[in-house]
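Written below as structure tokens is the structure these notes are about.
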Amino acid sequence: MTDNIAVDDLSEDMARDELTRLSDLLNKANKAYHGDDSPIMTDAEFDFLKKRNLEIELKFPQYKKPDSPTEKIGSLPSEKFSKIKHSKKMFSLANAFENSDLYDFDEQVRRFLNLGHSDPLEYTVEPKIDGLSLSLRYEKGELAFAVTRGDGTTGENVTANALKIKDIPINLPIQTEILEVRGEVYMEHKDFEILNNYQESLGRKVFANPRNAAAGSLRQLDAAITAERPLKFLAYAWGELTEPLDTTQFGAIQRLKNLGFKTNSHTKLCQNIDEALTHYEELSKIRSELGYDIDGIVYKVDSLDLQSRLGHRSTTPRWAIAHKFPAEYSWTKLMAIDIQVGRTGALSPVARLSPVTVGGVVVSNATLHNQDYIAARDNYGKEIRSGKDIRVNDWVEVYRAGDVIPKISDVDITRRLSDSIAYRFPSNCPECGSAVVRDEGDAVIRCAAGINCPAQAIEKLKHFVARKAFDIEGLGARQIELFFADEILPIKEPVDIFTLEFRDQNNFTKLKDRHGFGKKSAENLFDAIKEKKTIEFSRFLFSLGIRHVGENVSKLLARHFLTWSEFISSISLAQNRESQEYFDLVAIDGIGTIVVNSLLSAFEIGKERNSIEKLVEHLDILDEIPPDIDDNVLSGKTLVFTGTLEQMSRSEAKSLAENFGAKVSGSVSTKTDLVIAGPGAGSKIRKAEELGVKTLDETEWLSLIGK
Ligand code: IVH
């Protein structure tokens, strides 16, 4: 085998063999990745092998393969499922690991609902099945669509496949106008084993675990294959309904069972959080006997009325939480520490491990967070791991909890080599050589070169095309890397994506004639780009990948400014930190000085701003539409709450106001439309009076919102 030999030590023969092995492997990985259901390696492994392949090619150009993975842009265009927008968003769940997290959850729910400690608060508690969620839409009692979760807003239409799953009824005994049932598609252990034996006997791909097998089986373009696969479905939630199922979670699940769905028999109604924790302990004990994988237990507030009062955060409901099972641990050797440079310039150390199985998954990388973490200090400078630092060649204990990136929990100092030396964090960016900086109070070391650093530029581009950003079909992270390095048709910054077709027309060598492309796939790519020229304001802002400006902040900013031009002119004026625009910006609820400083620096006159301006010329940025623009009095208004509210918590009041399309701000200014003041209100109410802003007391507020 040549795979463990350093590039510099390879003989010519070995180099030739190694290039053959790598091109086979990388081409296979590319296909598996785009086939989607089962990547055969992690992104980091793929990057590592591709880099190795390139290094060998540079040293032995005579052996570069005609189908070298370096030359490949894009993968074969694959047929895809059609997309369907969920009529109600599919949420995921917040995670908890310790019992104390569950007490905190109970406390938060009570606070939100203004409930005291002794007030009753029941929970429905059930296993969290490790499969993939599916939404089934019944119209007049007949299965109309089955849609995967996708990004929560839009999923894939897998109706033909769902029809092949025995647990999914095609007709219901009632003819309700609309009834959307949601649940988990999964595979039992025994069926998983049979399937893998069968696959192996035919020399086909075996699946890494039942979850992958279920995903791969459901997302088959040929529904006949899905029919052969033993998939199961358990119902645990619902989406759009024209008639309520019940008044409680437990009752609604019972109702789904009566309608012919399979539901989990380990679902229990618990009187309080202590009883819920006891059920968690009981289920942990029988976990291995269930016959299918579960990765935790879900706790849901039982009353549906309380659920609707609690509502949602951006991606998770406030009324439910997943209590994950504890992490799993294994010991292995740390082979190397690599530094990756991210989108915001952060230098992130990554541990390259001798591969080891941790809780059923092979792990070969772990995060090392930052310089201090390696040196055994936390973000506050306090000692961690009893002061044991992490060094190359150390034996380390690796753990995984849930889907998170593996981490290192311990170091075995007794096995440390006598000549080992402490790790030295680089003082220059390993990608571009620029100086690195560490801001005060920040644990992260950053490359200061911004988009002049190729690693940052490329990571920004990957973020730009990511699913939650521009989401351009056929232009994923891998293609970005290839186009970034491409000499004929390079993509170096976002605007280059939108000039791609024009530049291609003026090139002598056309994309369609290049390796990995054909007429159809080149056309598809250009069409996919054109299709995304119109974009919502908040999505656009998020796409820019500005530090601290994530999905939520982008949404808040878009809701506040409504149009891109209003936003950009305010930001320009806010560069003057004495200006009203600056104060207005920091006063937006949920936006602090950290976000504002980051925004101001991204939009300072300079290379990054130029890059954004060039890009904007090619786009049509849609104005933000305030939510629920019914003719209600609150829509589009800016509210400030002050003093103590007696009928509901501040959080519930805020969430209600937002549901009515209002914005909630923390300070009173000329832009404030309404101040709701409870007892104890002070300076804010005086300011409101000064500015002539209307004020309401709590009773008036409640009648305004019809409570
Ligand atoms: S409830 C609005 N219940 O876990 C709440 N989810 O990490 C929607 N899952 O996307 C989810 N078992 O795929 C719920 N008993 C259960 C579940 C469950 C598995 C999955 C589901 C969800 C993911 C969130």
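The values are calculated or read from the model by the stated rules, or taken from the named source; none is laboratory data. Every value quoted in this text rests on a predicted model; they were computed, and no experiment measured them. Here Cβ is always computed from backbone atoms with ideal geometry, including for glycine, and neighbour counts include all displayed protein chains. Protein only, heavy atoms only, side chains kept; ligands, DNA and RNA dropped before computing areas. Shrake-Rupley method; radii C 1.70, N 1.55, O 1.52, S 1.80 Å.
Looking only at residues in the range 106-117 that are in contact with a Lys or Arg (Cβ under 8 Å, 6 or more places away or on another chain) and touching a residue at least 40 places away in the same chain (Cβ under 8 Å), the one that is nearest to the ligand (Cβ to nearest atom) is Val109. The set of residues in the range 347-364 being buried (at least 16 other Cβ atoms within 10 Å of the Cβ) and closer than 19 Å to Pro430 by Cα consists of Leu347, Pro349, Val350, Ala351, Arg352. For the range 468-519, the set of residues classified as small (Gly, Ala, Ser) and under 21 Å from the mean Cα position of the chain (by Cα) consists of Ala469, Gly474, Gly476, Ala477, listed by residue number. Selection of first residues in the range 118-133 that are open to solvent by 20 Å² or more (accessible area, probe 1.4 Å) and of second residues that are more than 9 Å from the ligand (Cβ to nearest atom) and in a loop (DSSP other than H, G, I, E, B), restricted to Cβ pairs under 8 Å at least 6 apart or on distinct chains, gives the following pairs, ordered by first then second residue: Pro120/Gln271; Pro120/Asn272; Glu122/Gln271; Glu122/Asn272; Glu122/Asp302; Asp130/Tyr292; Asp130/Asp293. Would you pick out the residues in the range 262-318 that are polar (S, T, N, Q), more than 12 Å from the ligand (Cβ to nearest atom) and modelled with pLDDT under 95? Ser284, Ser288, Ser314 - these are the residues of the range 262-318 that are polar (S, T, N, Q), more than 12 Å from the ligand (Cβ to nearest atom) and modelled with pLDDT under 95.
Is it true that Tyr329 is within 11 Å of the ligand (Cβ to nearest atom) and either open to solvent by less than 50 Å² (accessible area, probe 1.4 Å) or not β-branched (Val, Ile, Thr) (or both)? Spelling it out, it is not the case that Tyr329 is within 11 Å of the ligand (Cβ to nearest atom) and either open to solvent by less than 50 Å² (accessible area, probe 1.4 Å) or not β-branched (Val, Ile, Thr) (or both). Only one of the listed residues (Arg547, Arg559) is of a type in the set (Lys, Arg) and either in a loop (DSSP other than H, G, I, E, B) or in contact with a Leu (Cβ under 7 Å, 6 or more places away or on another chain) (or both). That residue is Arg547.
What's the total number of residues in the range 221-235 that are at pLDDT 95 or above and in contact with a helix residue (DSSP H, G or I) (Cβ under 7 Å, 6 or more places away or on another chain)? Here the count works out to 2. Would you pick out the residues in the range 195-233 that are open to solvent by 10 Å² or more (accessible area, probe 1.4 Å), assigned to a helix (DSSP H, G or I) and of a type in the set (Val, Ile, Thr)? Scanning the range 195-233 gives a single hit, Ile225.
Condition check: in a loop (DSSP other than H, G, I, E, B) and either β-branched (Val, Ile, Thr) or open to solvent by 30 Å² or more (accessible area, probe 1.4 Å) (or both). Does Lys257 satisfy that? No: the conditions fail for Lys257.
Considering Ser38, Ser23, Ser68, the condition of being within 28 Å of Lys520 (Cβ to Cβ) and either open to solvent by 60 Å² or more (accessible area, probe 1.4 Å) or at pLDDT 85 or above (or both) is satisfied by Ser23 alone.
Yes/no matrix, rows are residues, columns are (1) touching a His at 6+ places or on another chain (Cβ under 7 Å); (2) without any contact (Cβ under 8 Å) to a residue 60 or more places away in the chain; (3) charged (D, E, K, R):
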position	(1), (2), (3)
Gly296	yes, no, no
Gln307	no, yes, no
Thr316	no, no, no
Lys333	no, no, yes
Val350	no, no, no
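Restricting Arg467, Arg415, Arg424, Arg446 to those that are touching a residue at least 60 places away in the same chain (Cβ under 8 Å) and exposed (fewer than 13 other Cβ atoms within 10 Å of the Cβ) reduces the list to Arg467. Looking across Phe470, Phe498, one residue alone is touching a His at 6+ places or on another chain (Cβ under 6 Å) and among the aromatic types (Phe, Trp, Tyr). It is Phe498. All conditions but one from (1) touching a Leu at 6+ places or on another chain (Cβ under 8 Å); (2) among the small types (Gly, Ala, Ser); (3) within 16 Å of the ligand (Cβ to nearest atom) apply to Gly141; the one that does not is (3). Whenever a residue of the range 480-496 is buried (at least 20 other Cβ atoms within 10 Å of the Cβ) and part of a helix (DSSP H, G or I), its partners that are modelled with pLDDT of 95 or more and among the basic types (Lys, Arg), lying with C-beta atoms within less than 7 angstrom and at least six residues away or across chains, give the pairs Ile480/Lys462. Looking across the range 96-105, the residues that are within 15 Å of the ligand (Cβ to nearest atom) and buried (at least 18 other Cβ atoms within 10 Å of the Cβ) come down to Ala96, Phe105. Name the pairs: first residue in the range 83-104 and touching a residue at least 40 places away in the same chain (Cβ under 8 Å), second residue more than 10 Å from the ligand (Cβ to nearest atom) and assigned to a loop (DSSP other than H, G, I, E, B), Cβ to Cβ under 6 Å, at least 6 apart or on different chains? Final answer for the pair search is Lys89/Thr153.
Within the range 181-194, being open to solvent by less than 40 Å² (accessible area, probe 1.4 Å) and either closer than 13 Å to Ser133 by Cα or more than 16 Å from the ligand (Cβ to nearest atom) (or both) holds for Val181, Arg182, Gly183, Glu184, Val185, Tyr186, Met187, Asp191, Phe192. Gln175 meets all of the listed conditions (1) within 16 Å of the ligand (Cβ to nearest atom); (2) open to solvent by 80 Å² or more (accessible area, probe 1.4 Å) but one, namely (1).
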